[in-house]
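Please read the structure below before turning to the comments.
The values are calculated or read from the model by the stated rules, or taken from the named source; none is laboratory data. Because the structure is a prediction, the values reported are computed rather than measured. Here the Cβ is made from the backbone with ideal geometry for all residues, glycine too, and neighbour counts use every protein chain on show. With ligands, DNA and RNA removed, areas are computed over all heavy atoms of the protein, side chains included. Shrake-Rupley method; radii C 1.70, N 1.55, O 1.52, S 1.80 Å.
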Amino acid sequence: MPTSQPDPLNSKTEQLQQFTENSADQLMTTDQGVKINDDQNSLTAGPRGATLLEDFILREKITHFDHERIPERIVHARGSGAHGVFKLYEPLSKYTKAAFLNDTETETPVFVRFSTVAGSRGSTDLARDVRGFAVKFYTQEGNFDLVGNNMPVFFIQDAMKFPDLVHAVKPEPDNEMPQAASAHDTFWDFISLMPESAHMIMWLMSDRAIPRSYRMMEGFGVHSFRLVNASGESFFVKFHWKPLLGVHSVAWDEAQKISGKDPDFHRRDLWEAIAAGQFPEWELGLQIVPEADEHQFPFDLLDPTKIIPEEMVPVQRIGKLTLNRNPDNFFAETEQVAFHVGNIVPGIDFSNDPLLQGRLFSYLDTQLIRLGGPNFHEIPVNRPVCPVHNHHRDGFMRQTINKGRVSYSPNSIGGGCPFQAGMAQGGFTSYAERIDAKKVRERSPSFHDHFSQAKLFFNSQSDEEKNHITDALSFELGKVQIMAIRERMLSILYQIDHGLAAGVAYNIGAHIPDYPEQLNQSFGADTDPASVQPHPVRDVTQPARSEALSMANTIKNTIRTRKIAFLVADGFEMSSLQEMKNALEAEGGIINVIAPRLGPITGENGEELIAARSFLTDASVFYDAVYIPGGINCAATLEAEPDALHFVNEAWKHCKAIAAHPDARQFLDATYFRNKVELDNGILTGATADISEAFVMLIAQHRIWEREKPRKVPA
Ligand code: HDD
C-alpha cells in the first residue's frame, strides 16, 4: 500500500503546515528546547540508587504522559477524519449569498469526521449504529459546519429528550454493558415509549446501520436549514451527501465477524483508500423549498423525524466533496476537531426545528469540557482560514497575543477597532423571521404523525432489505430481557407493518398485544400512561414508495476500490491468475492473494508468487468477491484446507460474487454450495476471457442478495 499522498496546498493546508512538526534528522529536546543527551536512563544516585527529584527531564516526560488523555465525546466518540476540498458546480446566488456557494473557481478546504454514535473511542467500527458525517468547510467568510448523520431523520423531535435517548442507548449504568450496541433493555424501553422514534428505528434497523465503508454512505444535514440570498429572501433547505461509489452495506453476520477480526475496518478502509489516491467523493445535494411553500407538505418541515421525499422535492446536486489527505496526527486533528451546528456563514441560517435549536447550545458547551476551555477555536484544525478579530481574551491555553490596551467595544483608545461589519462588508445578520407567539412547553400538533414515514420507508425497501429489517429487530429485541418491552415494541411495529410485527413476534417468541389500535390509551399494565408520548393524529398523503430510500436502487456501475480475494496454493496457474488480476485492476478493483501460508507460493510452471496474507491472517469478511485461479494441484490443496473451504463458504453465505477457473471445480465440489454452482447467478466458472467481464458486473452489484431468498445460508 503506497503511503505517499499528495499534499494539496490550499489555505487550510498551508495554515496547518505552520503547526506541523517533523523530527526527521533533528536532535531530541525537552519541551523547553534543551537538547537531551540520554533518553534511556533516569538520573539516579549511583547506578543502583534512588531516582533524584531534580531529574527535570524525567519529570517533564512523565508529567506530559500522565495528562495525555482528554474526555472522549459523550456521543460519536469513535471516529475517523480526513482533509479534502469542496468544489461548487454552479453559483447559487438565487438562493444564498454564501460566498463559497457562489464561487465556482475556489476550492473550499474541508475537514470531515465520520463516527459511530454509541460506542467508546476504542469500540468497533461495525456496530449497528447511526454514523456521524460531520463536515467543516473553511470558507473565506468563516467556518461552516454541516454536522450530519448517514440517516436523514432523528430519534426525537425535541432536544429536551437527547440526554434521555443517549442514556438509554449507552451501556447500562449498573454494569456498563453492552458496549457499542443498542440491543439491550434500556434502549428499547425508551424507544418503545417514544413512538416519534418509529421512522428512525426503521433506518437504524436497516442495513444503513452497517455500512460497507464510510465512502459508501449517504450523509444528511437532517434538519431544515435556511438559505438566504442577497435580497434577504429565505428558502428552506435540506442538505444531502451522495456518494459517487453508491450506498452499500455489509450483512449483519459479516459485521459481527469484522468487529472481532478488524474493529478498525472502516477507519482502515478510509485511510487506505486516501493513501492509495482513491479519493472518496460525494456530491452535495440540496432540496430547496421557498419560504412561501413551508406549509405545503403533509408533514412539518421543522420536524426532524421527517424527510422530504425526493419525489416531492428533487435533490439538486450542486458541488463535489473530495477527501484527498489523511491527517498527520490523529489526536491533533481528528480528536481535537470541534464541530458545532451553530458555525454558519452569511447566506445560511437556522430553522426553528426544536432539535436543531437545542443543538445550538450543546456543541459549544461540550467543547469547553472536552477541549479544556474557551480557546479551542485556536487549535490548528479548528482555526478559520479568514482573519479573526474580536475582544475575546485570555482563558486556558490562549495562543493569540492580542496587542494594545483595548479589549472592549465601544472604544476610542483603539480607534473603535475592530469595527462592526456592515452587511455590504459581509457582516452576518440573522434572518428577520417574524415571531409573535406565546411562550409554551408543548409539541406542535403538526409533529404528531409518527408512522406514515416509517411506513413509507419500510414499503420502499426491496424484499431482501425488508427481511434484513425483520432480522435486525428480531436480533435486537431478542436480546431484550423484559417481555413487556418486547411487546410494546411489537405494538409499535404493528403500526408500521402488520407482517413486520408478525415476523418479529414469531422470531422472538412474543405475541403482539391485542391493544395495538389503542396505543394512545395504554402501553401495558406496567407503564404509566402519562409517561407516553401522544400518538398520530393525522393520516397524511405522500408517495407510497420512494425509490431513493432503497439501497437496491443505488449506483451499481463500478468496482472501484472493491477488494477481491484470490485464493492460491502451490501449483496455481499463473496465466489465469494474471489475466483476471489485470481485468479487475483495470476497473479499479484491489486484488489480495491469500494462501495457506505466507511467503513464496510456487506456480505449476515453477513461477513464484509472494503471499502477503494467509487464511490465518485474513478472512473472507474483508472482501467483496473471491476468485480461484487454474491449477489442478492448487485446487486439490485448497480442497484439503478447511480454512480455504470456510473462506469461500462464508463468502457465499454473505452473498458475494465468486468466480473460478474450471480447474477449481474440485474445490468448489467440496463446498456447501456445490449443488448450486450452475444455478446461482453469483457464481461464475470458466476461462478468464469468458468470465472476467461478467465477474466485474457481478462485483459491481455489490451482493447477490437473492441468494438469501431461502432465508438461511450456511457457512
Ligand atoms: Fe450531535 C456530536 C450529529 C443531535 C449533541 N453530533 C455529534 C457528531 C455528529 C452529530 C456527527 C460528531 C461530531 C464530530 O465528529 O466531532 N447530532 C448529530 C445529528 C443530530 C444530533 C445529525 C440530529 C439531527 N446532538 C444532537 C442533539 C444534541 C447533540 C439533539 C444535544 C442537544 N452531538 C452533541 C454533542 C456532541 C455531538 C454532545 C458530542 C461531541 C461533540 O458534540 O462535539 O454536543
Hey, Glu72 open to solvent by 40 Å² or more (accessible area, probe 1.4 Å) and farther than 30 Å from Ser234 by Cβ or not: yes
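If I filter the stretch 610-619 for residues that are hydroxyl-bearing (Ser, Thr, Tyr) and open to solvent by 70 Å² or more (accessible area, probe 1.4 Å), do I get at least one hit?
yes
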Boolean, Ser491 is surrounded by fewer than 21 Cβ atoms within 10 Å (Cβ to Cβ) and outside the structural domain of Asp253 (by TED's automatic domain parsing): no
Subset of the stretch 303-337 [out of contact with any strand residue (DSSP E or B) (no Cβ under 9 Å at 6 or more places or on another chain) and crowded, with 20+ Cβ neighbours inside 10 Å]: Asp303, Pro304, Thr305, Lys306, Pro309
Residues of the stretch 240-264 classified as part of a helix (DSSP H, G or I), hydrophobic (A, V, I, L, M, F, W, C) and buried (at least 20 other Cβ atoms within 10 Å of the Cβ), total: 2
Options Thr116, Thr124, Thr104: the member that is within 25 Å of Leu323 (Cα to Cα) and more than 17 Å from the chain's Cα centre (by Cα): Thr104
Condition broken by Lys306, with the remaining ones in (1) in a loop (DSSP other than H, G, I, E, B); (2) closer than 23 Å to Asp269 by Cα; (3) among the basic types (Lys, Arg) satisfied: (2)
Val166 vs. criteria within 16 Å of the ligand (Cβ to nearest atom), surrounded by fewer than 21 Cβ atoms within 10 Å (Cβ to Cβ) and either outside the structural domain of Val228 (by TED's automatic domain parsing) or within 20 Å of the chain's Cα centre (by Cα) (or both): yes
Criterion: among the hydrophobic types (A, V, I, L, M, F, W, C), near the ligand (Cβ under 9 Å from one of its atoms) and outside any loop (DSSP other than H, G, I, E, B) - qualifying residue of Leu368, Leu364: Leu364
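Let's see how each residue does on (1) in contact with a strand residue (DSSP E or B) (Cβ under 6 Å, 6 or more places away or on another chain); (2) over 27 Å from Gln278 (Cα atoms):
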| residue | (1), (2) |
| --- | --- |
| Arg562 | no, no |
| Glu573 | no, yes |
| Val593 | yes, no |
| Gly606 | no, yes |
Meets criteria (farther than 15 Å from Ile658 by Cα and outside any helix (DSSP H, G or I)) for Gly606: yes
Meets criteria (without any contact (Cβ under 8 Å) to a residue 40 or more places away in the chain, away from the ligand (no atom under 16 Å from the Cβ), over 30 Å from Asn10 (Cα atoms) and of a type outside the set (Gly, Ala, Ser)) for Val406: yes
Residue in the stretch 365-384 that is exposed (fewer than 15 other Cβ atoms within 10 Å of the Cβ), under 20 Å from Leu146 (Cα atoms) and of a type in the set (Ser, Thr, Tyr) present: no
Count of the stretch 340-387 residues which are free of Cβ contacts under 8 Å to residues at least 24 places away in the same chain and over 24 Å from the mean Cα position of the chain (by Cα): 4
Test: residue in the stretch 516-525 that is closer than 15 Å to Phe451 by Cα, in contact with a helix residue (DSSP H, G or I) (Cβ under 9 Å, 6 or more places away or on another chain) and modelled with pLDDT of 80 or more: no
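Among the residues of the stretch 345-361, which ones are within 15 Å of the ligand (Cβ to nearest atom) and either among the aliphatic types (A, V, I, L, M) or modelled with pLDDT under 95 (or both)?
First pass over the stretch 345-361, keeping only residues within 15 Å of the ligand (Cβ to nearest atom): 350-361.
Matches in the stretch 345-361: Leu355, Leu356, Leu360.
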Number of positions in the stretch 133-149 that are more than 9 Å from the ligand (Cβ to nearest atom) and either open to solvent by 10 Å² or more (accessible area, probe 1.4 Å) or over 12 Å from Val110 (Cβ atoms) (or both): 4
Among (1) among the polar types (S, T, N, Q); (2) surrounded by 13 or more Cβ atoms within 10 Å (Cβ to Cβ); (3) assigned to a loop (DSSP other than H, G, I, E, B), the one test that Asn390 misses: (2)
Failed item in (1) open to solvent by 30 Å² or more (accessible area, probe 1.4 Å); (2) in contact (Cβ under 8 Å) with a residue 40 or more places away in the chain; (3) more than 15 Å from Glu476 (Cβ to Cβ), with Asp189 passing the rest: (3)
Residues within the stretch 77-132 that are within 14 Å of the ligand (Cβ to nearest atom) and open to solvent by 40 Å² or more (accessible area, probe 1.4 Å), tallied: 1
Any chance Asn675 is over 24 Å from Ile590 (Cα atoms), part of a helix (DSSP H, G or I) and more than 32 Å from the chain's Cα centre (by Cα): yes
Set Glu72, Glu54: member being touching a helix residue (DSSP H, G or I) at 6+ places or on another chain (Cβ under 9 Å), assigned to a loop (DSSP other than H, G, I, E, B) and among the charged types (D, E, K, R): Glu72
Hey, Val480 in a loop (DSSP other than H, G, I, E, B) and closer than 17 Å to Ser192 by Cβ or not: yes
